[in-house]
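K.L.:
My questions will all concern the structure given below.
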Amino acid sequence: MNRYAVIMAGGRGERFWPESRTAKPKQFLTLVGDRSLIQQSYDRILPLIPAENIFIVLGKQHLALAKEQLPEIPPENFLVEPVGRNTAPCIGLAAIHIRRRDPEGVMLVFPSDHMIMGATDYHQCLEKAFHWAVKENCLVTIGIKPSRPETGYGYIEREGDGLDTGPSVFPVRRFVEKPDPERAWEFVQAGCFYWNSGIFIWKAHVILERIKEHIPELAAGLDRIDPSIGSSQYDEVLGQVFPNMPSISVDFGIMEKSPEILMVQGDFGWDDLGSWGALDRIALRDERGMKIQGDFVGYDNDDCLIYGQEGLIAALGVQNLIIVRSGEVVMVCDKERSQEVRELVRLCKEKHLEQYL
């Protein structure tokens with residue numbers, strides 16, 4: 001019962017525009033299966049951690065939607081960030097809540113919008129990670145063996161021989177930022193590099209100690225918030241302190257600087273579903289490579305992703321495109337450039353077309 005899950009649900013999902021919007025970003029959408037991505041994240045972890053020990057960290061504008069989609073989670077377990085300040089403050093906020101509830105609490109931290117295939121292997125991997133996080137009082141992460149030279153993910157380089165088997169556990173040599181294509185191919189060929197899944201396991205007090213060591217200004221802010229938890233002053237103190245915290249990722253602020261990090265090899269299917277290109281990889285194809293959801297008519301098209309929730313999409317003689325219709329917006333892009341869809345979001349803001357965001 002001293003295990004806790006923290007689902008980070010503050011993302012905007014701009015690379016899934018126009019289906020992902022400000023009012024309902026990607027994590028609350030049903031893109032695969034019959035449950036939203038955040039609901040699927042909850043479903044996967046429930047066999048290991050009870051609902052009363054699951055926390056959701058998110059922005060105020062999505063609180064009602066999250067409570068509607070996850071009614072089993074206690075209201076006090078929804079932790080609202082006054083503003084988004086990246087993953088280190090998000091995790092730090094959850095850690096002080098868990099430490100106050102349970103000084104020896106162990107946190108599993110993961111994003112709300114990942115796609116995971118193979119629940120049994122996933123659970124075995126997490127069990128191994130919990131074991132080592134408690135045994136060594138260290139930071140543990142999950143690394144995914146790369147299946148392609150992906151430039152959209154960060155990488156983890158393992159060091160030496162495995163410390164355990166089934167699933168394998170390795171010391172971490174270093175974390176590497178998203179590489180260019182040539183370097184990504186070198187990582188795949190080397191055999192000792194893994195995709196950084198963004199899944200972490202550690203004791204709450206251990207991560208707070210690392211924050212104090214590596215991001216002291218964040219630790220100072222958390223120390224101001226901590227005494228107010230559970231009191232009538234909490235919202236006021238949080239609103240005063242949190243917006244002034246440094247905006248920094250846990251990877252850059254902690255993981256790249258801390259010694260004695262362990263990595264459990266994740267032997268399960270994983271994708272961060274970061275863009276339409278990711279959905280294209282897992283969608284079912286017809287004989288011409290077409291992936292279609294919604295009403296569509298077409299002729300002489302090859303290897304396209306067609307996604308529409310309403311209305312009709314029609315295409316003739318096109319190849320290698322992503323075509324999305326969502327409400328009053330149609331978005332078309334080359335598959336190879338799906339990571340750049342957020343540039344269209346930026347252009348909408350520049351042209352004061354926020355009504356389409």
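K.L.:
Identify the residue in segment 144-160 that is in contact (Cβ under 8 Å) with a residue 60 or more places away in the chain and part of a strand (DSSP E or B) and, among all such residues, is farthest from Gly198 (Cα to Cα). Reasoning before the result, please.
P.N.:
Taking segment 144-160 as the starting set, the residues that turn out to be in contact (Cβ under 8 Å) with a residue 60 or more places away in the chain are 144-145, 152-154, 156, 158.
Subset that is part of a strand (DSSP E or B): 144, 156, 158.
Values: Ile144: 10, Ile156: 11, Arg158: 16 Å.
Of everything passing the filter in segment 144-160, Arg158 is farthest from Gly198 (Cα to Cα).
K.L.:
Report, ordered by the first and then the second residue, all pairs with beta carbons closer than 6 Å, sequence separation of six or more or different chains, a first member in segment 311-340 that is basic (Lys, Arg), and a second member that is surrounded by fewer than 16 Cβ atoms within 10 Å (Cβ to Cβ) and part of a strand (DSSP E or B).
P.N.:
Arg325/Gly311
K.L.:
Can I ask one more? From the list Val264, Val241, Val237, exactly one residue is closer than 30 Å to Thr120 by Cβ, not small (Gly, Ala, Ser) and not assigned by TED's automatic domain parsing to the domain that holds Ile282. Which is it?
P.N.:
On the way: Val241 fails: closer than 30 Å to Thr120 by Cβ; Val237 fails: closer than 30 Å to Thr120 by Cβ.
Residue meeting the stated conditions: Val264.
K.L.:
Does Gly294 satisfy the condition of being within 19 Å of Leu273 (Cβ to Cβ) and at pLDDT below 95? I'd like the intermediate steps shown before the answer.
P.N.:
On the way: within 19 Å of Leu273 (Cβ to Cβ): yes; at pLDDT below 95: yes.
It is true that Gly294 is within 19 Å of Leu273 (Cβ to Cβ) and at pLDDT below 95.
K.L.:
Does Glu340 count as surrounded by fewer than 17 Cβ atoms within 10 Å (Cβ to Cβ), touching a Lys or Arg at 6+ places or on another chain (Cβ under 9 Å) and not assigned by TED's automatic domain parsing to the domain that holds Met117?
P.N.:
It is true that Glu340 is surrounded by fewer than 17 Cβ atoms within 10 Å (Cβ to Cβ), touching a Lys or Arg at 6+ places or on another chain (Cβ under 9 Å) and not assigned by TED's automatic domain parsing to the domain that holds Met117.
K.L.:
Return the residues of segment 321-357 that are at positive phi and modelled with pLDDT of 95 or more; say none if nothing qualifies.
P.N.:
His352
K.L.:
Still on this structure, I have one more. Would you check if Pro259 is of a type outside the set (S, T, N, Q), in the same structural domain as Glu81 (by TED's automatic domain parsing), out of contact with any Asp or Glu (no Cβ under 6 Å at 6 or more places or on another chain) and not in a loop (DSSP other than H, G, I, E, B)?
P.N.:
It is false that Pro259 is of a type outside the set (S, T, N, Q), in the same structural domain as Glu81 (by TED's automatic domain parsing), out of contact with any Asp or Glu (no Cβ under 6 Å at 6 or more places or on another chain) and not in a loop (DSSP other than H, G, I, E, B).
K.L.:
Tell me whether segment 215-230 contains one or more residues that are in contact (Cβ under 8 Å) with a residue 40 or more places away in the chain, assigned to a helix (DSSP H, G or I), assigned by TED's automatic domain parsing to the domain that holds Lys128 and of a type outside the set (A, V, I, L, M, F, W, C).
P.N.:
yes
K.L.:
Of everything in segment 36-49, what is in a helix (DSSP H, G or I) and surrounded by fewer than 17 Cβ atoms within 10 Å (Cβ to Cβ)? Give them in sequence order.
P.N.:
The first filter runs over segment 36-49 and keeps only residues in a helix (DSSP H, G or I), leaving 37-45.
If the condition is that a residue be in a helix (DSSP H, G or I) and surrounded by fewer than 17 Cβ atoms within 10 Å (Cβ to Cβ), then Asp43 is the only one that fits.
K.L.:
Let me ask something else. Of the conditions (1) under 30 Å from Thr120 (Cβ atoms); (2) in contact with a helix residue (DSSP H, G or I) (Cβ under 9 Å, 6 or more places away or on another chain), Leu284 fails just one. Which one is it?
P.N.:
(2)
K.L.:
For Tyr153, which of the numbered conditions (1) within 30 Å of Val80 (Cβ to Cβ); (2) modelled with pLDDT under 95; (3) out of contact with any strand residue (DSSP E or B) (no Cβ under 7 Å at 6 or more places or on another chain) fails to hold?
P.N.:
(3)
The rows are residues; the columns are (1) of a type in the set (A, V, I, L, M); (2) under 23 Å from Tyr155 (Cα atoms); (3) modelled with pLDDT of 95 or more.
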site	(1), (2), (3)
Phe200	no, yes, yes
Ile215	yes, yes, yes
Ile229	yes, no, yes
Gln233	no, no, yes
Ile254	yes, yes, yes
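K.L.:
Same structure, new question: Of the numbered conditions (1) part of a helix (DSSP H, G or I); (2) on the phi > 0 side of the Ramachandran plot, Gly33 satisfies every one except a single condition; which is it?
P.N.:
Here Gly33 clears every test but (1).
K.L.:
Could you list, in sequence order, the residues of segment 243-256 that are out of contact with any Lys or Arg (no Cβ under 7 Å at 6 or more places or on another chain) and either outside any loop (DSSP other than H, G, I, E, B) or aromatic (Phe, Trp, Tyr) (or both)? Write out each step before concluding.
P.N.:
Within segment 243-256, the first condition is being out of contact with any Lys or Arg (no Cβ under 7 Å at 6 or more places or on another chain), and the residues that meet it are 243-244, 246, 248-253, 255-256.
If the condition is that a residue be out of contact with any Lys or Arg (no Cβ under 7 Å at 6 or more places or on another chain) and either outside any loop (DSSP other than H, G, I, E, B) or aromatic (Phe, Trp, Tyr) (or both), then Pro243, Asn244, Val250, Asp251, Phe252, Gly253, Met255 are the ones that fit.
K.L.:
Let me ask another. Out of segment 96-127, which residues are surrounded by 19 or more Cβ atoms within 10 Å (Cβ to Cβ) and of a type in the set (Gly, Ala, Ser)?
P.N.:
Gly105, Ser112 - these are the residues of segment 96-127 that are surrounded by 19 or more Cβ atoms within 10 Å (Cβ to Cβ) and of a type in the set (Gly, Ala, Ser).
K.L.:
Please find, within segment 312-331, the residue that is farthest from the chain's Cα centre (by Cα) out of those that are part of a strand (DSSP E or B) and farther than 15 Å from Met290 by Cα.
P.N.:
Residues of segment 312-331 part of a strand (DSSP E or B): 312-316, 319, 321-326, 329-331.
From the residues that got through so far, the ones that are farther than 15 Å from Met290 by Cα too are 312, 325-326, 329-331.
Values: Leu312: 32, Arg325: 25, Ser326: 23, Val329: 26, Val330: 26, Met331: 24 Å.
Checking each candidate, the answer is Leu312.
K.L.:
Mind listing whichever residues of segment 163-199 are at negative phi and part of a loop (DSSP other than H, G, I, E, B)?
P.N.:
The answer is Leu163, Thr165, Pro167, Ser168, Glu177, Lys178, Pro179, Asp180, Cys192.
K.L.:
Going through segment 4-28 one residue at a time, which ones are surrounded by fewer than 19 Cβ atoms within 10 Å (Cβ to Cβ) and either outside the structural domain of Met107 (by TED's automatic domain parsing) or of a type in the set (A, V, I, L, M, F, W, C) (or both)?
P.N.:
The one that is surrounded by fewer than 19 Cβ atoms within 10 Å (Cβ to Cβ) and either outside the structural domain of Met107 (by TED's automatic domain parsing) or of a type in the set (A, V, I, L, M, F, W, C) (or both): Ala23.
K.L.:
Taking the criterion of being among the β-branched types (Val, Ile, Thr), surrounded by 15 or more Cβ atoms within 10 Å (Cβ to Cβ) and either outside any strand (DSSP E or B) or assigned by TED's automatic domain parsing to the domain that holds Val140 (or both), would at least one residue in segment 282-295 satisfy it?
P.N.:
The answer is no; no qualifying residue exists.
The values are calculated or read from the model by the stated rules, or taken from the named source; none is laboratory data. Note that the coordinates shown come from a computational prediction; the quantities given were computed from them, not determined experimentally. Heads up, the Cβs are rebuilt from the backbone with ideal geometry, glycines too, and the neighbour counts pull from every protein chain shown.
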